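Just so it is clear, none of the values below were taken in a lab; they were calculated from the coordinates. Treat the numbers as computed from the prediction; the structure is a model and nothing was measured.
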Amino acid sequence: MPSLKEHCFNSRKRTGYSYYKLHKWMDSQESGLGVDHRRERHDLSYIPSVIKLFGSNHVQEFLFHISEDYYSSALKWNKRQKKVFWKKIF
């Protein structure tokens with residue numbers, strides 16, 4: 001999963017702004033919940049909260065943050081599956 005620093009870097013690369021407060025807010029539950037922090041603030045139902053707290057111009061980066069997290073998880077899952085697959089064959 002990308003770190004806060006990586007999310008901010010990617011946002012800056014895309015838009016010229018880091019969206020630090022948004023990314024920090026989205027991942028603020030991570031320390032206690034780990035990867036399960038995605039139950040909080042990583043769901044489309046939070047778009048109204050993002051608009052209220054940060055403005056509608058933050059919605060795109062909110063969605064990119066979610067997609068970056070799940071993309072990272074998909075890559076990790078794929079690597080694990082390949083290892084398991086090859087172990088079963090040989």
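Fully extending the segment from T15 to N57, taken as 0.36 nm per residue of separation minus the present Cα-Cα distance, adds 14.0 nm.
Phi angles across the range 51-62 convert, under the Karplus curve 6.51 cos²θ - 1.76 cosθ + 1.60 with θ = phi - 60°, into 3J(HN,Hα) values of 4, 5, 7, 10, x, 5, 5, 9, 4, 4, 6, 4 Hz, Gly and Pro given as x.
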